[in-house]
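Data first, discussion second: the structure below is written as structure tokens.
What follows draws every value from the coordinates through simple rules; no lab data is involved. Quantities reported herein were computed from a predicted structural model and do not represent experimental measurements. Ideal geometry is used to build each Cβ from the backbone, glycine not excepted, and the neighbour counts take in all protein chains shown.
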Amino acid sequence: MKTFNYLKACEEASKEQGITAIVSALQDLGINAISEQTGGFTMCAYVQLTESRYIYANKYGASVYSEDDYLFDIAQADEEQDPRHIAQQIHDYINK
């Protein structure tokens, strides 16, 4: 019988959804980021800003949240963006 490995499933989903590439691009810019599951194996890049404020990012952009409330978009696009472009937009927001 094959057992389900939750961490491996999250890792695979992150890679398939382009989140691993965003996290890597953020780390290349010196930003501490991780891949996080938001539910149903929908993954996002996660950047903690303060105790209650954070950024979620995916292939279409990035948004700022406070606790569980959406605050505003850093960037949003109708088409998939290059991970480095999204990472740069997050970097520019953090360092403005």
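Check off (1) loosely packed, with under 13 Cβ neighbours inside 10 Å; (2) assigned to a loop (DSSP other than H, G, I, E, B) for Asp92 and give me the number that stays unchecked.
Tallying (1) loosely packed, with under 13 Cβ neighbours inside 10 Å; (2) assigned to a loop (DSSP other than H, G, I, E, B), Asp92 fails exactly one: (2).
From the set of residues in the stretch 55-73 that are within 24 Å of Lys15 (Cα to Cα) and either over 14 Å from the mean Cα position of the chain (by Cα) or aliphatic (A, V, I, L, M) (or both), which is surrounded by the most Cβ atoms within 10 Å (Cβ to Cβ)? Break it down into steps so the answer makes sense when it comes.
Within the stretch 55-73, the subset within 24 Å of Lys15 (Cα to Cα) is 55-65, 73.
Restricting the remaining residues to those that are either over 14 Å from the mean Cα position of the chain (by Cα) or aliphatic (A, V, I, L, M) (or both) gives 55, 57, 62, 64.
On the way: Ile55: 22, Ala57: 26, Ala62: 23, Val64: 18.
If we take residues in the stretch 55-73 being within 24 Å of Lys15 (Cα to Cα) and either over 14 Å from the mean Cα position of the chain (by Cα) or aliphatic (A, V, I, L, M) (or both), then Ala57 is surrounded by the most Cβ atoms within 10 Å (Cβ to Cβ).
Just give me the residues in the stretch 1-29 being under 25 Å from Lys96 (Cα atoms) and in contact (Cβ under 8 Å) with a residue 60 or more places away in the chain, in sequence order.
If the condition is that a residue be under 25 Å from Lys96 (Cα atoms) and in contact (Cβ under 8 Å) with a residue 60 or more places away in the chain, then Ala21, Ile22, Ala25, Leu26, Leu29 are the ones that fit.
Taking the condition of being over 11 Å from the mean Cα position of the chain (by Cα), among the charged types (D, E, K, R) and more than 17 Å from Ile94 (Cα to Cα), how many residues in the stretch 1-54 meet it?
Final tally of qualifying residues: 6.
Which pairs do you get when a residue that is in contact (Cβ under 8 Å) with a residue 24 or more places away in the chain, found in the stretch 44-66, comes within reach of a residue that is part of a loop (DSSP other than H, G, I, E, B) and charged (D, E, K, R), reach meaning Cβ atoms under 6 angstrom, with the pair 6+ apart or on two chains?
Every condition considered, the pairs that remain are Lys59/Glu80.
In the stretch 74-86, which residues are in contact (Cβ under 8 Å) with a residue 12 or more places away in the chain and exposed (fewer than 14 other Cβ atoms within 10 Å of the Cβ)? Talk me through it step by step, then tell me what you get.
Kept after step one, since they are in contact (Cβ under 8 Å) with a residue 12 or more places away in the chain, are these residues of the stretch 74-86: 74-81, 83-84, 86.
Within the stretch 74-86, Gln76, Ala77, Asp78, Glu79, Glu80 meet the criteria.
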